[in-house]
Each structure stands twice: as structure tokens, then as C-alpha cells.
Amino acid sequence: MILHMHGSMKLVVKNILPVLIIYFLYELSIYGQVKQPARFNTVVIDAGHGGKDPGALGSTTEEKDIVLAIALKVGKYVKENLQDVKVIYTRDKDVFIPLYKRAEIANKSNANLFISIHANYISDPRIHGVETYALGPARSNENLEVAKKENSVIVMEDEYTTKYEGFDPNSAESYILFEYMQSTYVEQSTMMASLLQKQFHHRAGRRDRGVKQAGFLVLRNITHPSVLVEVGFLSNKAEEKYLKSESGQTYIASAIFRAIRDYKKQYDEKTTEMKTVKKKEEKKMPDITYRIQVASYKRMLKKGAGVYKKFKDVYVYKEGNRYKYTTLSSNDYNDISRKLKDIQKKVPDSFIVAFEGDKRIPVADAVKITNPGK
Ligand SMILES: [Zn+2]
């Protein structure tokens, strides 16, 4: 039994190592350069509901059909007009997809943006208009009700209590967790929401109900900017008719496409700007290295002799007709000064020297560059 456990533990360690390395490289690549992809190149379009889940029911329509038609049009416009952008649908036909699966599809794709498309329903038939949500705590009961309604689809999923860790879509208490939770991408998500609302109003002439926040499960686990659009109310006769019509769907899809286009433009400009700034900084920062000089000879020392016995890390440079021996290195003057104290215990007359590239320069000049204000 013990042997068996030991064996399997070894196996785990063996398997986890490459994963750790890949993860480390990944971290390195995202933090070493720009955190997100350099250019906007992937969008996930999520048509809400589907299959056995019709979503909201109008007098002659089902939410799942209207949002699918709009989603497919949006994808078509993006493919036609933004050829460097990949479109991923969470569904492109009438099928049931659990909410957690939608987030999975989005996260696997490493997309720049996730747009979930829905239609609304409310008891008051006069209410109409378009609203866009980013993930966050609901600031009004009305917004909370929208999230509750959209989240309640999980009860149609198998094992939803385990998949969503006991989340009860109809209990207000479940939503407390969103009070403490804000998407890392709240700023970008809100920006996208504003672009959408602007287009719904100007391009499609819809009533602008504004940018809102609420706790939508479908957005909760998404690892990039994400929004949920309620394109209108099926409970309002005129709006239902509009959303059902070919031209209404075309206008709404066109508005969503335009917001994606504008978001991409801003995104690409920002990342190009960041790159230029970084390049300038790199140019401004010369390659300064401090070392500690510990010896100087007319002849070159054999490896293993003299200072090589005292120090592991020895760097030699030639100045005039002498070979000078240094140890340790740092790009920071304060750091090398601390190290000097230890080295002086072994070689009392050792001192700091500075190099720009391979060229020795006065320490005072180097300090001006690496530790300005000192
Ligand atoms: Zn919905």
C-alpha cells in the first residue's frame, strides 16, 4: 500500500514538472512582454440559451432563436470586415450548452473579448430598450432580477449544484459573493459596454438603458474582458416585433459589430503605444554593470590561482598593460555597495568599478544613470 502510494506520488511529481515549466514560461512571456495579446485577434460570441432552454418567451418568439440569429450576423460582419479577427461561437445552432461550458470555450480560445447576447422579459409591457452588463455586484433590485433570470437556466443542467458549488440562482444570498468579486477586466469590460450602448443608440436607434453591473454566472469564470447584452424586451410588443424582424436583427448585429471594431481599434492602438514606450525606455537605459575589483596583475593569472581560489565568480578586464580581476556583478549601486562590505572582509582594499557594456566608466557617472538622485 505504502509502496504503491509512493509510486503514484512519484508519477505525479514527474507529470507536474513539465506543466510547471510551461506555466512558468507562459508567465514569463505574458509579464515579460505585454500582458495580453499584442493585437486584438479573437472574439467569442455567445448566443444565450438554446435547445431545451428557450430563454425568455415573447408572445410569438423565443429568446434562444432571436439571439442566435443576431449572434450569427455579428460573426458574419466581423469575418467580412475584420479579417484578422477570429470568430468563435459558443453555439451556432439550436443546442443546449451549460453556462460553465461557455466559459470553458471562451477561456480555451484565449480570446480578447467575450460577448454574451440575450433578450429580456419583464412584467411591465411598457418597458423597453437595450442594456449591457459587466460582471459585478448589482446596484439595483432590477439588475439583480435580470441576473437571477439568466442564471436560473443552470437548473436545467445535470449536476448543477456541484458544478456551481451550491450556487442557488434564485436566492439573493448567493449573490453576496459578487459583492466581493470584481472582474480583473472590469475597466475594459465597462469600456466595451459603453461602446455597445453608444452603437445601440446611434446605429440602431434603440432606447439606451445604460451600462450596468450584476452577478452573471456565465461571466464569472471568464479570464478576459466580457459583457452581457440584453438586446431588448420580448415583453414589449413593438420591441418584440423589431427583434423578430430581419432588419431589426441586422441593425442590432451591426451595432454590436461596430462596437467590436471600435474596441479593437482602441486595443490595438494602446498596445502599439505601450510597445513604443517600452522601446524608448530600453534605449534610454544603458547597459551598466558594477563589479568589485579584488586584484590587478601584469600577467594573466592561470585559472585556479590567486583570486580564483578566493572567489567563484571572477571577471577579468584589461586596462593599459594590466589585467584586473573583479568579482560579483549588479546593475544597482546600492546592491553592489552592500556586497562590497562582505568582499572587503577577504580583500580589504577591494573597491567598486563600473562598466557600460564592456567599457569601464567612472562609478559616479554610472550612479547618475542607475541610481539618479543618489
Ligand atoms: Zn437570456
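The values are calculated or read from the model by the stated rules, or taken from the named source; none is laboratory data. Every value quoted in this text rests on a predicted model; they were computed, and no experiment measured them. Positions of Cβ are backbone-derived with ideal geometry, glycine not excepted, and every protein chain shown enters the neighbour counts.
Can you tell me how many residues in the range 195-225 are more than 22 Å from Asp262 (Cα to Cα), part of a helix (DSSP H, G or I) and touching a strand residue (DSSP E or B) at 6+ places or on another chain (Cβ under 9 Å)?
Total satisfying the criteria: 2.
Mind listing whichever residues of the range 300-324 are over 23 Å from Leu340 (Cβ atoms) and either modelled with pLDDT under 85 or in contact with a strand residue (DSSP E or B) (Cβ under 6 Å, 6 or more places away or on another chain) (or both)?
Correct list: Met300, Lys302, Lys303, Gly304, Ala305.
Determine whether Thr190 is in contact (Cβ under 8 Å) with a residue 24 or more places away in the chain, of a type in the set (Ser, Thr, Tyr), in contact with a strand residue (DSSP E or B) (Cβ under 6 Å, 6 or more places away or on another chain) and closer than 19 Å to Leu99 by Cβ.
no
When you look at Ala111, is it in the same structural domain as Ile70 (by TED's automatic domain parsing), within 16 Å of the ligand (Cβ to nearest atom) and either of a type in the set (A, V, I, L, M, F, W, C) or not in a loop (DSSP other than H, G, I, E, B) (or both), yes or no?
So Ala111 does not fit the description; no.
For the range 144-159, which positions are assigned to a helix (DSSP H, G or I) and either farther than 12 Å from Ala172 by Cα or within 11 Å of the ligand (Cβ to nearest atom) (or both)?
Matches in the range 144-159: Val146, Ala147, Lys149, Glu150, Asn151, Ser152, Val153, Ile154, Val155, Met156.
Looking only at the range 278-286, decide whether some residue is in contact (Cβ under 8 Å) with a residue 24 or more places away in the chain and charged (D, E, K, R).
No, because not a single residue in the range 278-286 is in contact (Cβ under 8 Å) with a residue 24 or more places away in the chain and charged (D, E, K, R).
From the residues in the range 114-131 that are assigned to a strand (DSSP E or B) and not charged (D, E, K, R), which one is nearest to the ligand (Cβ to nearest atom)?
Top of the filtered list is His118.
In the range 140-155, what count of residues is obtained for those that are hydroxyl-bearing (Ser, Thr, Tyr) and within 16 Å of Pro54 (Cα to Cα)?
1
Quickly run through the range 66-108 and pick out the residues that are surrounded by 19 or more Cβ atoms within 10 Å (Cβ to Cβ) and in a loop (DSSP other than H, G, I, E, B).
Result: Val85, Thr90, Arg91, Ile97, Pro98.
Tell me which residues, restricted to the range 180-216, are among the small types (Gly, Ala, Ser) and at pLDDT 95 or above.
Passing the criteria: Ala193, Ser194.
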